[in-house]
Ligand code: B12
Ligand code: SF4
């Protein structure tokens, strides 16, 4: 049986420069799972020029984020219309909480569990090796009717390891701003925190399964990558985590250069460990500060204190750990709020930051509450860079202030170095920035 694994991507304003470009790690997991069942699997991703082999598969798997919802459905329709016998399976982060939005006549299965056994069972069923499917973790279309499966969260640390031939094939084309050769590694399932605005906390039915730091390091050490981005929502959630990670790192003879998410409250509470963490490989942290006032943070149930933020930034600088700071602006912002955030970025000399527009994401309570007030239902606009609810300021002024906040990035050495790299590459090679990956090099 042949399975195509495809990532559907919607273009966002960031796609012009693609400041962060990394391998679609979920497809590496799906490839490993499919091959475990005896199927042959090919990864298809336009971003890396991984094109479809010229054969008709038995199964097409499509995954993607909220912004790609229409793309996934269009892709399913095109495929099913051309090749009616091909079974179409949709899954991933967005489908997990929005499975009904994919109940299209052109889709056969919508997987809403990240338990890869569910996927493997479906492949076994399609291949005729499994006679019956327990209706859990996926919805299935049968004779035009949708059978809804009960939820099936992951409850133990998954055993399947990703197929790293994908990482090998695309590593030369990956980046995190000025950092090149960046590979992803995943340790946790779900997030132990419960910030109100956040979609991630709802994944895996809100259940959190911790990873193992030794496994994360071993997996990282096997990769021919310069940097490892641990994409867990929170890399270290407690002091015990930090000590366990340090132990695991000290027990290995080589270091990896890690980029990972940490919370501001963790950094403050464990400031004495930061230098050690740096020595053990933690080179860059991504911190969701979200806002600079406690009134906003309380609304988000973030459980951090904005008054601590300058100290947190100072601690990281002292430990020589790079920082990417994440902020959100609310559509309710006045000009004074934008100015306050800009002042905070300047006063604390934050070099690298991203600013998102607070956006209700489908599949959260916030989205249901705001549904009537949404300005659009076009999934591509829910990319955190567009207004989807009416702002307090006139929209052109809001966008002007939003762009103005980003101008500070031009002062950043790292951003300037990233832009320099892109311009140099374009000038010297006159090649598109996304050269095609050779199928010979990736099979
Ligand atoms: C790293 C990351 C990125 C990377 C890309 C990583 C990648 N893999 O390609 C970058 C920085 C480029 C990125 C961009 C965006 N991202 Co992003 N990203 C993440 C992050 C932090 C980790 C994702 C990841 O790689 N995980 C590792 C993989 C292995 O795990 P996984 O995706 O959960 O997949 C597992 C299962 O879900 C399952 N699975 C996945 N697909 C399928 C399909 C089938 C059929 C089956 C059976 C199973 C299955 O298999 C895996 C097994 O472990 C998540 C946060 C999170 N908690 O998920 C946000 C997240 C996925 N991103 C999000 C968003 C919105 C975006 C953007 C649209 C906008 C933005 N400003 O961030 C863009 C879109 C880019 C594009 N054009 O597609 C949202 C998605 C919300 C949603 N409802 O879909 C998340 C959840 C964060 C959030 N703010 O809520 N992102
Ligand atoms: S904002 Fe971060 S810490 Fe809070 S629930 Fe989401 S992923 Fe977890």
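The values are calculated or read from the model by the stated rules, or taken from the named source; none is laboratory data. These figures come from a predicted structure and were not determined experimentally. Don't worry about glycine lacking a Cβ; one is built from the backbone with ideal geometry, like all the others, and counts go over all protein chains shown.
Considering region 329-355, and only residues there that are within 19 Å of residue 410 (Cα to Cα) and under 24 Å from the mean Cα position of the chain (by Cα), the residue that is nearest to ligand 2 (Cβ to nearest atom) turns out to be 354. Taken over region 76-100, the residue count meeting the criterion of being in contact (Cβ under 8 Å) with a residue 40 or more places away in the chain, surrounded by fewer than 20 Cβ atoms within 10 Å (Cβ to Cβ) and under 21 Å from residue 34 (Cα atoms) is 1. Report yes if some residue within region 168-189 is under 30 Å from residue 254 (Cβ atoms) and out of contact with any strand residue (DSSP E or B) (no Cβ under 9 Å at 6 or more places or on another chain); otherwise report no. Looking for residues that are under 30 Å from residue 254 (Cβ atoms) and out of contact with any strand residue (DSSP E or B) (no Cβ under 9 Å at 6 or more places or on another chain), one finds at least one in region 168-189, hence yes. Here residue 291 qualifies as surrounded by 17 or more Cβ atoms within 10 Å (Cβ to Cβ), within 16 Å of ligand 1 (Cβ to nearest atom), more than 30 Å from residue 225 (Cβ to Cβ) and at pLDDT 95 or above.
Only a single criterion out of (1) within 15 Å of ligand 2 (Cβ to nearest atom); (2) in a helix (DSSP H, G or I) is not satisfied by residue 304, namely (2). Examine region 266-280 for a residue that is within 16 Å of ligand 1 (Cβ to nearest atom), surrounded by 18 or more Cβ atoms within 10 Å (Cβ to Cβ), farther than 16 Å from residue 314 by Cα and in the same structural domain as residue 184 (by TED's automatic domain parsing), and state whether such a residue exists. No, region 266-280 has no match at all. In region 211-223, of all residues being touching a residue at least 40 places away in the same chain (Cβ under 8 Å) and closer than 22 Å to residue 21 by Cβ, the one that is farthest from ligand 1 (Cβ to nearest atom) corresponds to 222. When region 247-265 is filtered for residues that are buried (at least 22 other Cβ atoms within 10 Å of the Cβ) and either assigned to a loop (DSSP other than H, G, I, E, B) or within 15 Å of ligand 2 (Cβ to nearest atom) (or both), the ones remaining, listed by number, are 256, 260, 262, 263, 264. With respect to the conditions (1) more than 7 Å from ligand 1 (Cβ to nearest atom); (2) under 23 Å from residue 198 (Cα atoms); (3) out of contact with any strand residue (DSSP E or B) (no Cβ under 9 Å at 6 or more places or on another chain), residue 16 lacks only one, and its number is (2).
Would you check if residue 344 is buried (at least 18 other Cβ atoms within 10 Å of the Cβ), out of contact with any strand residue (DSSP E or B) (no Cβ under 7 Å at 6 or more places or on another chain) and assigned by TED's automatic domain parsing to the domain that holds residue 203? Answer is yes for this residue.
Per the listing 240, 194, the residue uniquely loosely packed, with under 15 Cβ neighbours inside 10 Å and within 13 Å of ligand 2 (Cβ to nearest atom) is 194.
Under the condition of being in a loop (DSSP other than H, G, I, E, B) and either within 13 Å of ligand 1 (Cβ to nearest atom) or not assigned by TED's automatic domain parsing to the domain that holds residue 181 (or both), the residues counted in region 224-243 number 5. The set of residues from region 129-150 being over 22 Å from the mean Cα position of the chain (by Cα) and at pLDDT 95 or above comprises 136, 139, 140, 141, 145, 146, 147, 148, 149, 150.
The condition of being over 26 Å from residue 380 (Cβ atoms), modelled with pLDDT of 95 or more and within 12 Å of ligand 1 (Cβ to nearest atom) holds for only one of 55, 22, 59, 90, that being 59. Selection of region 49-86 for residues being closer than 30 Å to residue 360 by Cα, more than 16 Å from ligand 2 (Cβ to nearest atom) and part of a helix (DSSP H, G or I) yields 67, 68, 69, 70, 71, 72, 73, 74, 75, 76, 77, 78.
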